[in-house]
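J.: First, the structure itself, so that you have it in front of you.
The values are calculated or read from the model by the stated rules, or taken from the named source; none is laboratory data. Note that the structure is predicted; figures quoted are calculated from it, not measured. Every residue, glycine as well, gets a Cβ built from its backbone with ideal geometry; the counts of neighbours run over all protein chains shown.
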Amino acid sequence: MSEFVPRGADGHVLQKLWVWSPETIQDIQTKAELGRYTNRALGTTRRTPHFEDLTFVPCTLSRVPLEGYRETCRTDIEIGARHGAKPIRLRTPITIAGMSYGALSRNAKAALGTAATRVGISTTTGDGGMLDLEREASDQLVYQVLPSRYGFNPHHLRIANAAEIVIGQGAKPGTGGVLLGAKVSEIIAEARTLPPGVDQRSPCRHPDFVGPDDLQIKIEELREATDGSIPIYVKIGACRVPDDVKLACKAGADVIVIDGLEGGTGASPDSLMDHTGIPTLAATVEAVAAIREMRLEGVVNLIVSGGIRNGIDAAKALALGADAVSIGTAAMIALNCNRNVHVEDYARMGTEPGACHHCHTGLCPVGIATQDEDLIARLPVPEAADRVEGFLHSMTQEMQMFARACGKSAVHDLEPEDLRAMTIEASAITGIPLVGTNFAFRPESFAQAVVEAMAAASTNGHVTPHGAHH
Amino acid sequence: MCGLCGFLYKDSERVGPVGRTLHAMLGPMARRGTDSTGIALYGAPQPGSYIVRARIDANHGTPERVVAALEGAGTVSEHTQTGPNLRARIEYSGDLGDLTDAIEAEPDVEVFSIGRAMEIVKEVGDADAVEAADPYAGFEGSHAIGHTRMATESLVDVAHSHPFWARPFPDISVVHNGHITNYHKLRRRLENQGHRFATGNDSEVIAVYIADKLERGESLEDALRASVSDLDGTFAYLISTPDGIGVARDPFALKPLLFAESDEAALIASEEVSIRAVDADTKLVPRELAAGEVRWWLR
Amino acid sequence: MATLTSDIDCSRHTTREINQAIKLAAADGVPEIHLANPTARHCLAVAVMQPIDIVFDGPVGWFCGGMCDGARITVHGNCGWSVGENLMSGSISVHGNSGSSTAATIRGGRIFVAGDTGARAGISMKGGTLVVGGSVGYMSGFMMQRGTMIVCGDAADGIGDSMYEGTVYVGGEIASLGADCIEAELGDDDRELLARELGPQGIDSSAKDWKKLVAGRKLWNFSRHEYDAWRGAL
């Protein structure tokens, strides 16, 4: 008997089981040895409903496209002016997300700041405070206020260009952070007021306020501390987005940052990364709707982050109504994360370029996510800054390209009308019609279709098949 | 997420301007939320009759039909309509649940409260907005609780505003700051025991929970203590009863609550600024309720 | 606020005006500023970065003295939550009770509360000293990293939970210790510290039966042999 696949005992077809896959088997046995859950870095392994599932429908006959390279396409935006503070000016609607000095090396932080300044955007401090060289390198620096308050210094707050109260992040909403002992070096420990080498657990709540009504008083405190001169952001991991966004608006946020399930992190439990939060695509739609419902569109600015990979994703996020996107992982990859060099060092961590998400080990072969001096030397700042600058320019060009193709002279004029959904899921999540149909797979559309069918039946005496339209 | 306050005269004979006191206490807390504001006030109880407070958000003769429904159920000795708010006094000896149903049989009618002494007034907006829509600042009574609201997960409209009457138990209501995270489980349990809920707001379950215990003969103290372990989530709440006020704070002390008292009165509030509004000379020194602490004052 | 003043009636000004006046006075070297009728307002004397004596003739609200560096604040009354949060240096004295999160995440300086505090006093402290004449509430000293907390009265449940290098002294009763919090032996250095800190407040430290609390260090690095300790911590 010829065989296509091997046989097992008693002749059964040998195959891997879905529930008890090799990955699951190994996971159980690892946990049995460790006696705790496992951690990793970067982001989710899931294929989520994503901007990838949308496509643009540019101009052809029914609309007029704009010439690239000749007819200008505006990309700039000012954000954070709701309460009269000096706004952050973004020459292109991208910001560099908060990543901690501690998770990242000082060279990485300096390179990001330098690139951001050249391109005319902002960077953000992280869980660990503000580095002097970060303030020097970055023209516009957003200062994070985190539950841990590690390295928090009010003097730094007062020289920042904006403050970002972090309620949570997309990779692990509702929980604090974990930095394993290997990364709590002498320098980092001192900066965080911790004994070196401890497994540092960050709290999940802020020490000095609890709910959204308290947040309102905390925002007032930050304004008093800075004489009302800088915008106050509130960053939220995407969960119950409509409620959270409305509450942040009511508490007085000038800018809201929504970080979806795909968001990155330097270290987090596996379980949280894949099983908490909702995808950035869905979060964007809900956040935009919530701000509109509060009648604060254009007054409270929205930045979305979490799995924004390029100008394509950014353009789609803008089309859905975001004011800007924030990139963290993509910026690190532009720096050199997962670059195909020092392959033996990747191997020592048990991985290889293209598959590395081992930031939590502190052994980053390219000098980004490490405090080891020898490794940091592999990331000279000038070249790293050039790479990030190049990537930011490519993102801007992509956004402009889509905008022009859709007949818009400003990337912020992209709208849902310019999109179609490639899957029923994406259509249901965004309310955008499915390609090849006139129909958005949402309850309202079904209800509308029923109403129209009944109306048609009562006038014509029979039911006419049709699709509901936008 | 909200601001809470409460006031009580300790002497069972004493009444005073509780309406004005609550109005003053609510004012400084508007910053905690101005989606809506509400008060439960206790006037002089008249045995044999109930005061019905209802919201009628419909036209075309609905108020008249509601009064007619009341007249069909009992003897209506007085009724007034202020905007959409109806206040009526009815001599009635039947089941209050049936009476509530009879009133709410009309569309767009909601009963805010039924009690021998308790009257609930609530409106979208702040304390001044409530006073303008349905004046309460002149109310004389024995005790009162109040609430300013920043809506979290339910709708911003009057129906979802505090105080919640523990229907159909007369003269019991609750104001709550926080979020009950086992709301659905508790609600199902109480519904299985025959209780009804008017809204999807988690705070309402506290009122029904306490009222259920009181009806079974438990003391207010025991009901409050049981609630600290039975309710999950964050909470500071005030429950008002015919003869007093009870308060409780969750075991993690996550929502603020202060109280101050003299020989004459007890005052409760989320923030001291509310107490200072009626005690500018700082005669009363408030303190925070401890984690999991309960307190009650009975006239 | 056109003229510089050393006396302010808070009832006639916005919070922003009050704070601007305080900061101007501090910058101009005014030694002391009195504020009447604070009536428990929030966010007063936030981020005052120069030495100046600030006296509140009445209770203050939340976040009083937050993020200050060098100012000396006195409150004749209660204060709300988070008094002196992230204090860098200087001092705050509250002659009354304080709300929850007293001295949250302070890095330096000294906070004194004559009465009782609410829950989570000294949460996340990174330095500095908190002295409480009365008792402290639930979960006080939670995740304390460094610094010293002295409680003359009682401590509620969970004192010193998940500490790193902070030290807590309790003169009264302890309801229960927090996770990984243990009692350590009191030495002469400790007694001298207590006398030094409490003497100026007029409190006789030798009259109390002090307990010294520090981290047991079982939650510093994960160990699978300490499941009981880690069950609640991770």
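J.: With the requirement that a residue be more than 26 Å from B:D279 (Cβ to Cβ) and buried (at least 21 other Cβ atoms within 10 Å of the Cβ), what does the stretch C:23-40 give you?
T.: Residues of the stretch C:23-40 more than 26 Å from B:D279 (Cβ to Cβ): C:23-32.
Correct list: C:A25, C:A26.
J.: Moving on to the next point. Filter the stretch B:177-202 down to the residues that are part of a loop (DSSP other than H, G, I, E, B) and more than 14 Å from chain A (Cβ to nearest Cβ) and list them by number.
T.: First, pick out the residues of the stretch B:177-202 that are part of a loop (DSSP other than H, G, I, E, B): B:181-182, B:193-202.
Once the filter is applied, which keeps residues that are part of a loop (DSSP other than H, G, I, E, B) and more than 14 Å from chain A (Cβ to nearest Cβ), the stretch B:177-202 yields B:N182, B:Q193, B:G194, B:H195, B:R196, B:F197, B:A198, B:T199.
J.: Within the stretch B:244-258, does at least one residue satisfy the condition of being at pLDDT 95 or above and in contact with a His (Cβ under 8 Å, 6 or more places away or on another chain)?
T.: yes
J.: Now a separate question. May I ask you to say which residue of B:T62, B:T34 is within 14 Å of chain A (Cβ to nearest Cβ), over 14 Å from the mean Cα position of the chain (by Cα) and more than 22 Å from C:V60 (Cα to Cα)?
T.: Working: B:T62 fails: within 14 Å of chain A (Cβ to nearest Cβ).
Just one listed residue meets the conditions, B:T34.
J.: Here are the criteria: (1) part of a helix (DSSP H, G or I); (2) within 14 Å of chain A (Cβ to nearest Cβ); (3) surrounded by 17 or more Cβ atoms within 10 Å (Cβ to Cβ); (4) not β-branched (V, I, T). Tell me which single one C:C43 does not satisfy.
T.: The single condition C:C43 does not satisfy is (1).
J.: Now for a different question. Inside the stretch A:286-330, can you point out the residues that are aliphatic (A, V, I, L, M), surrounded by fewer than 22 Cβ atoms within 10 Å (Cβ to Cβ) and under 17 Å from A:D418 (Cβ atoms)?
T.: A:I312
J.: Then there's this: Can you find a residue that is surrounded by fewer than 24 Cβ atoms within 10 Å (Cβ to Cβ), within 10 Å of B:T37 (Cα to Cα) and within 14 Å of chain A (Cβ to nearest Cβ) anywhere in the stretch B:156-163? Talk me through it step by step, then tell me what you get.
T.: Step one: of the stretch B:156-163, the residues surrounded by fewer than 24 Cβ atoms within 10 Å (Cβ to Cβ) are B:156-160.
With the extra rule that they be within 10 Å of B:T37 (Cα to Cα), the set shrinks to B:158.
Add one more test, that the residue is within 14 Å of chain A (Cβ to nearest Cβ), and what stays is none.
Looking for residues that are surrounded by fewer than 24 Cβ atoms within 10 Å (Cβ to Cβ), within 10 Å of B:T37 (Cα to Cα) and within 14 Å of chain A (Cβ to nearest Cβ), one finds none in the stretch B:156-163, hence no.
J.: Given (1) part of a strand (DSSP E or B); (2) touching an Asp or Glu at 6+ places or on another chain (Cβ under 9 Å), where does C:E183 come up short, assuming only one miss?
T.: It is condition (2) that C:E183 fails.
J.: Cβ-Cβ below 8 Å, separation at least six or inter-chain, first residue in the stretch B:166-188 and more than 11 Å from B:S203 (Cβ to Cβ), second among the basic types (K, R) and assigned to a loop (DSSP other than H, G, I, E, B): which pairs?
T.: From residues that are more than 11 Å from B:S203 (Cβ to Cβ), the pairs are B:R167/B:R196; B:P168/B:R196; B:P170/B:R116; B:D171/B:R116.
J.: Being facing chain C (nearest Cβ under 9 Å), in a loop (DSSP other than H, G, I, E, B) and out of contact with any strand residue (DSSP E or B) (no Cβ under 7 Å at 6 or more places or on another chain): is that true of A:R205 here?
T.: no
J.: Mind listing whichever residues of the stretch A:331-381 are buried (at least 21 other Cβ atoms within 10 Å of the Cβ) and not in a loop (DSSP other than H, G, I, E, B)?
T.: Answer for the stretch A:331-381, where residues must be buried (at least 21 other Cβ atoms within 10 Å of the Cβ) and not in a loop (DSSP other than H, G, I, E, B): A:A331, A:M332, A:A334, A:L335, A:Y346, A:C359, A:H360, A:L375.
J.: Of the numbered conditions (1) away from every other protein chain (no Cβ under 14 Å); (2) buried (at least 18 other Cβ atoms within 10 Å of the Cβ), B:A24 fails exactly one; give the number of that condition.
T.: (1)
Residues checked against (1) without any contact (Cβ under 8 Å) to a residue 24 or more places away in the chain; (2) over 19 Å from A:L194 (Cα atoms); (3) in contact with a Cys (Cβ under 8 Å, 6 or more places away or on another chain); (4) surrounded by 12 or more Cβ atoms within 10 Å (Cβ to Cβ):
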position: C:G172; (1), (2), (3), (4): no, yes, yes, yes
position: C:L177; (1), (2), (3), (4): no, yes, no, yes
position: C:D188; (1), (2), (3), (4): yes, yes, no, no
position: C:E197; (1), (2), (3), (4): no, yes, no, yes
position: C:P200; (1), (2), (3), (4): yes, yes, no, no
position: C:K212; (1), (2), (3), (4): no, yes, no, yes
position: C:K218; (1), (2), (3), (4): no, no, no, yes
position: C:F222; (1), (2), (3), (4): yes, no, no, yes
position: C:A229; (1), (2), (3), (4): no, yes, no, yes
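J.: Another question, if that's okay. Checking C:T117 against (1) within 11 Å of chain B (Cβ to nearest Cβ); (2) in contact (Cβ under 8 Å) with a residue 60 or more places away in the chain, which test does it fail?
T.: In the conditions (1) within 11 Å of chain B (Cβ to nearest Cβ); (2) in contact (Cβ under 8 Å) with a residue 60 or more places away in the chain, C:T117 misses (2) alone.
J.: So, one more: Just name the residue that is farthest from A:P203 (Cα to Cα) out of those in the stretch C:131-141 that are away from chain B (no Cβ under 11 Å) and in a loop (DSSP other than H, G, I, E, B).
T.: Of the residues in the stretch C:131-141, the ones away from chain B (no Cβ under 11 Å) are C:131-133, C:141.
Narrowing further to those that are in a loop (DSSP other than H, G, I, E, B): C:133, C:141.
Working: C:G133: 28, C:G141: 13 Å.
Within the stretch C:131-141, the match that is farthest from A:P203 (Cα to Cα) is C:G133.
J.: In addition: Yes or no: the stretch B:235-245 includes at least one residue that is more than 20 Å from the chain's Cα centre (by Cα), within 12 Å of chain C (Cβ to nearest Cβ) and crowded, with 18+ Cβ neighbours inside 10 Å.
T.: So in the stretch B:235-245, the residues more than 20 Å from the chain's Cα centre (by Cα) come out as none.
No, the stretch B:235-245 has no match at all.
J.: From the set of residues in the stretch A:49-82 that are surrounded by fewer than 21 Cβ atoms within 10 Å (Cβ to Cβ) and hydroxyl-bearing (S, T, Y), which is nearest to A:M349 (Cα to Cα)?
T.: Per the criteria, the residue is A:T55.
J.: Filter the stretch A:134-145 down to residues that are of a type in the set (A, V, I, L, M) and in contact with a Gly (Cβ under 8 Å, 6 or more places away or on another chain) and give me whichever is surrounded by the most Cβ atoms within 10 Å (Cβ to Cβ).
T.: Going through the stretch A:134-145, the residues of a type in the set (A, V, I, L, M) turn out to be A:137, A:141-142, A:145.
From what's left, in contact with a Gly (Cβ under 8 Å, 6 or more places away or on another chain): A:137, A:141-142.
Details: A:A137: 21, A:L141: 25, A:V142: 27.
Restricting to residues being of a type in the set (A, V, I, L, M) and in contact with a Gly (Cβ under 8 Å, 6 or more places away or on another chain), the top hit is A:V142.
J.: If a residue has to be under 18 Å from B:L22 (Cα atoms), at the interface with chain C (Cβ under 8 Å from one of its Cβ atoms) and either in contact with a Pro (Cβ under 8 Å, 6 or more places away or on another chain) or part of a strand (DSSP E or B) (or both) to count, how many in the stretch B:278-299 make the cut?
T.: Number satisfying all stated conditions: 1.
J.: Let me ask something else about it. Can you give me the number of residues within the stretch C:196-212 that are among the aliphatic types (A, V, I, L, M) and outside any loop (DSSP other than H, G, I, E, B)? Before the answer, list the steps.
T.: Pass one, the stretch C:196-212, residues among the aliphatic types (A, V, I, L, M): C:198, C:203, C:207.
When the remaining residues are screened for being outside any loop (DSSP other than H, G, I, E, B), the result is C:198, C:207.
Of the residues in that region, 2 qualify.
J.: Can you work out which of the residues in the stretch C:88-114 that are polar (S, T, N, Q) and more than 14 Å from chain B (Cβ to nearest Cβ) is farthest from the chain's Cα centre (by Cα)?
T.: Taking the stretch C:88-114 and keeping what is polar (S, T, N, Q), we get C:89, C:91, C:93, C:97-98, C:100-102, C:105.
Then drop every residue that is not more than 14 Å from chain B (Cβ to nearest Cβ), which leaves C:89, C:91, C:93, C:105.
Working: C:S89: 12, C:S91: 9, C:S93: 9, C:T105: 9 Å.
The residue in question is C:S89.
J.: Which residue, of C:G61, C:G65, is at pLDDT 95 or above, buried (at least 24 other Cβ atoms within 10 Å of the Cβ), touching a Cys at 6+ places or on another chain (Cβ under 8 Å) and within 12 Å of chain A (Cβ to nearest Cβ)? Full working, then the answer.
T.: Details: C:G65 fails: touching a Cys at 6+ places or on another chain (Cβ under 8 Å).
Result of the check over C:G61, C:G65: C:G61.
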